[in-house]
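Here's the structure we're looking at; comments come further down.
Bear in mind that the values in this text are calculations on the coordinates, not laboratory data. Small disclaimer: the values here were computed from a predicted structure and weren't measured. Note that each Cβ is placed from the backbone with ideal geometry, even for glycine, and that neighbours are counted across all protein chains shown.
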Amino acid sequence: MPAPTPFRLHPSTRARRTVIALVLLLVMATIFVVDTVTEYAVAAPVFHTAVILVAVRWFSPRTVIAMALGCIALTVLSFWLTPTGNYRVGLVNTGISTLAIAITAYLGLKMVAAQAAAHAAQAQLLQITRATSLGALTASIAHEVNQPLAAIVTSSQAGQRWLNHQPPQHEKVQQALQRILSDAERASNVITRIRGMARGEAPQRQRFVLEAAVREMVQLSHNALEQRGIALHWDFAPNLPPAWADRIQIQQVVGNLLLNAIDAINEVHPSPAAPEIILTARRLGDDQLQLTLTDCGLGLSAATQSHLFDAFWTTKEQGMGLGLTICRGMVEAHGGRIWAEPRSDGQRGTQFHISLPAAQEHTV
Ligand code: ADP
């Protein structure tokens, strides 16, 4: 294996750092001289804090600590060498200056560490967003388009059989062609809708009827639900106010929860006799709506419950562990909340709740 290339600074950065280091040393020396030749009452060493602030911006923590220690040493030395003034005042000034230098170095280094952590988190978030949108888009398209394609193949084979029949059954062929046409149209609609969802990034709030948006999303998962014989039950309170949120993002959240619920139901062995998912919506106070999705899946273990929303935490072989992290990001971007708990009726399964802003009279 080739030896790793050692990290090197760009020559212009190195030159700039050298100049800055020299200037800072010069400033430190000037402060020292001024402090030594003036009387105790002049607290010149406090200006060492400016040196530390500049050093924090340009040098490694180790260098900053070395410079802070250097400043403190110079402060104490100049106090010792100062010939005139009130000794007590000098002692207090030296103490304050030393403390100020130490605190500035500590806070400066803390700030730099926090900035580095924020940059790292930002980079990770960007990576997550890219991976999720691409992964989720590919997975949804593959999943949802697979079914109409399979149906098209079946109808084509049936059409061929009816054509080869003696005598050929033209009416049956016609029906098969009609099915092919509508399945192809469905596949195309699925792709158009999923692409539309992928486009909405920042929350773009609008008034919309929650039930209609959820039903549209459920339609996308229709095949997965049908294949597994999962029944959907709706329990939406009457006269709910419209939601005030990004319709597409809320649909993405519902879609994720729905797929997770289906996965959780699939993990129950033997399979439940009458698998079901219940969708409930009600008003939450004056200005919020609460949507609840209840499944009859495996339920939440203690470990699952405490890590559910952690990025990259998954119990699935093919899972990415990002779905719920993204869901939480989207819901919280609306000032809402998402949380999970075991089913309230004591049966096996999980309930996911989302709270969302409801549209007020004046919201347009
Ligand atoms: P992924 O689906 O890729 O694993 P998620 O962030 O969507 O990522 O989910 C993280 C984990 O949370 C899942 O692997 C699963 O263990 C758990 N989980 C999610 N939804 C449910 C649910 N309805 N019932 C039980 N466990 C769930």
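Quick one: net charge around ASP287, please, counting Lys, Arg +1 and Asp, Glu -1 for every other residue with C-beta under 14 Å from its C-beta. If you can, show how the numbers build up before the last one.
On the way: positive: ARG205, ARG207, ARG282, ARG283, ARG337; negative: ASP286, GLU361.
Once positives and negatives cancel, what remains is +3.
In 5 Å bins starting at 0, how do the alpha-carbon pair distances of the stretch 20-97 split up by percent?
Result returned by the calculation: 3, 18, 29, 22, 14, 9, 4, 1.
If I model a spin label at LYS110 and GLU185 as a point 7 Å from the Cα along the Cα→Cβ vector, what separation in nanometres do I get?
6.5
Starting from the amide H of ALA245, placed 1.01 Å from N in the peptide plane, find each other amide H under 5 Å away whose residue is 5 or more places distant or on another chain.
Long-range HN contacts for ALA245: GLN206, PHE208.
Using Cα atoms only, what is the angle between the long axis of helix 61-81 and the major principal axis of the chain, expressed in degrees (0 to 90) to the nearest 10?
20
Taking just the C-alpha trace of the chain, give me its Rg and Dmax in Å.
33.2, 123
For the chain, what is the mean residue ellipticity at 222 nm derived from helices alone (per DSSP H run of n ≥ 4: -39500 (n - 2.57); sum divided by total residues; nearest 500 deg cm²/dmol)? The partial results should precede the final answer.
On the way: 10 runs with 221 residues, N = 364.
Calculated from helices alone, the mean residue ellipticity at 222 nm is -21000 deg cm²/dmol.
What stretch of the chain, leaving out the sites themselves, is the longest with no GluC sites (Glu not before Pro) in a DSSP loop having at most 10 other Cβ atoms within 10 Å?
On the way: sites that count: GLU317, GLU361.
By the stated rule (loop sites, at most 10 other Cβ atoms within 10 Å), 1-316.
Could you work out the Kirkwood radius for the stretch 237-364, taking every pair of different alpha carbons, averaging 1/r and inverting it, reported in Å?
When all Cα pairs of the stretch 237-364 are included, the Kirkwood radius is 15.4 Å.
For the pair GLN305/GLU317, report the inter-label distance in nm, with labels modelled 7 Å from Cα in the Cβ direction.
It works out to 2.9 nm between the two label points.
Report the local net charge at LEU109: Lys and Arg +1, Asp and Glu -1, summed over other residues whose C-beta lies under 12 Å from its C-beta.
Details: positive: ARG57, ARG62, LYS110; negative: none.
Residues close to LEU109 contribute a combined charge of +3.
Quick one: helix 170-199 against the long Cα principal axis of the chain, what's the angle to the nearest 10°, folded into 0 to 90?
Relative to the chain, helix 170-199 is tipped by roughly 10 degrees.
Within the stretch 204-343, what percent of beta bridges assigned by DSSP are antiparallel, to the nearest 5?
On the way: 11 of 17 bridges.
Just about 65 percent of them are antiparallel.
Give the calculated FRET efficiency between TYR87 and GLN122 to the nearest 0.05, with a Förster radius of 45 Å applied to their Cβ-Cβ distance.
0.30
How large is ³J(HN,Hα), in whole Hz, for each residue of the stretch 270-278 in order, when computed from phi with the Karplus curve 6.51 cos²θ - 1.76 cosθ + 1.60 and θ = phi - 60°, using x for Gly and Pro?
Going residue by residue, I get x, 4, x, 4, 10, x, 8, 10, 10 Hz, with x marking Gly and Pro.
Hey, what angle do you get for helix 48-58 against the long axis of the chain, alpha-carbon based, 0 to 90 degrees rounded to 10?
Tilt relative to the chain: about 40 degrees.
If amide hydrogens are placed 1.01 Å from N in the peptide plane, which non-local residues have theirs closer than 5 Å to the one on PHE236?
ALA281
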